[in-house]
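In what follows, a structure is listed as structure tokens, so that the remarks can point back to it.
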Amino acid sequence: MTKCLLTEPAAIEALKFQTDLFVKYNVAPLPDQQEGLPGGFLSGKCGMDDCGIRADVPGMKGLDWEVGIAPVPKGPAGRFCRNGPNAQAIVATTRFPEACWEFVKYMCGPKPGELGGQRFEFEQQRAIPSRRSLFDSPAFLDNLLPWEDAEVYRDAADHVRPFPLPARYAEIQTAWREQWDAILLGQKSVEEAAKAGCQAMDEFLAGA
């Protein structure tokens, strides 16, 4: 992660597709339009929300209108999900690597077919299995809300890709947000914003 690639043809194409959802087809709310949607998807005024994680599900228990879920749409190169099973990580600089490793094993399930700490997460309707062997576990399936589909979650787990963050990600995100807002406001073209964004982001990547 040493160079911004938003100016590549495939990236420009993707950005234009995303931009059109806002400014051409008007199916995604602009920032000022979001003010009329308190609670976002939970306002009941949105047709679709890209949640990305099952941790949003507990907040939907009290909805009095019909809800459903579907897989992330496929792009030209296939289907890729940013989030899937809950992952457990250990900080490389920890002073207690052995203890951390034991905790990670417990949270993921000590061995295939055993729940470990995932039982609590299933009971709270906030996670999907970290192990493939647990997708058929009653502890997981029995705690799905009526509108949840286990096959959608399984598909997400099969197509998940890691989302690595560079050391100065917060600054990179802020730099791109400025350019993205300029696109939505009609102040810059996608190409102009991508070029300016990459100039700023490359400096952060070089100093990461």
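Below, the figures for the structure above:
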read-out	value
Charge dipole (debye, nearest 20) of the stretch 24-126; +1 at Cβ of Lys and Arg, -1 at Cβ of Asp and Glu	360
Partnerless Cys - the chain, beta-carbon criterion under 4.7 Å	Cys46, Cys51, Cys81, Cys100, Cys108
Within the chain: Cβ-based charge dipole about Cα centre, in debye rounded to nearest 20 (Lys, Arg +1; Asp, Glu -1)	500
Between 0 and 90°, nearest 10: helix 190-206 axis offset from the chain longest Cα axis	60
Theoretical gain in end-to-end length, Ser189 to Glu171 [0.36 nm per residue, Cα-Cα removed]	4.3 nm
Among 9-18, 91-100, 56-65, 189-198, the order from most to least packed when residues are scored by Cβ within 10 Å on average	189-198, 9-18, 56-65, 91-100
Degrees, to the nearest 10: 9-23 long Cα axis against longest axis of the chain	90
Per-selection Kirkwood Rh - the stretch 8-69 (Cα, Å, 1 d.p.)	13.7
Cα gyration tensor shape of the stretch 154-208, rounded if a/c is under 1.5, else prolate or oblate by comparing a/b with b/c	oblate
Shape box of the stretch 34-115 [Cα atoms, principal axes, largest first, Å]	49, 35, 30
Reported label for calculated Cα extents along the principal axes in Å given (i) 54, 48, 31; (ii) 51, 42, 39; (iii) 52, 38, 38	(i)
Contour excess over end-to-end distance, with Cα ends at Glu98 and Glu151 and 0.36 nm allotted per residue	15.6 nm
The stretch 180-203-the stretch 21-71 distance, computed between alpha-carbon centres (Å)	26
Radius 12 Å from Cβ of Asn86, net charge of other residues (Lys, Arg +1; Asp, Glu -1)	+2
Local electrostatic count at Lys24 - Lys and Arg +1, Asp and Glu -1, tallied over other residues with Cβ under 15 Å	-1
Zero-based 10 Å bins, Cα pair distances in the stretch 105-208, whole percents	13, 28, 17, 21, 19, 1
Helix-derived mean residue ellipticity, 222 nm - over the chain, DSSP H n ≥ 4, -39500 (n - 2.57), to 500	-12000 deg cm²/dmol
Size of the stretch 97-158 as Cα extents on the principal axes (Å, biggest first)	40, 23, 16
Degrees, to the nearest 10: 97-108 long Cα axis against longest axis of the chain	80
Among the listed pairs Lys74/Lys105; Lys3/Lys195; Lys24/Lys188; Lys61/Lys105; Lys45/Lys188, those beyond 21 Å (Cα-Cα)	Lys74/Lys105; Lys61/Lys105; Lys45/Lys188
Rough spin-label spacing in nm, given labels placed 7 Å along Cα→Cβ, for Leu141 and Asp49	2.8
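Values in this text are rule-based calculations from the coordinates and carry no lab data. It should be emphasised that the depicted structure is a prediction, and the values quoted were computed from it without experimental measurement. Here Cβ is always computed from backbone atoms with ideal geometry, including for glycine, and neighbour counts include all displayed protein chains.
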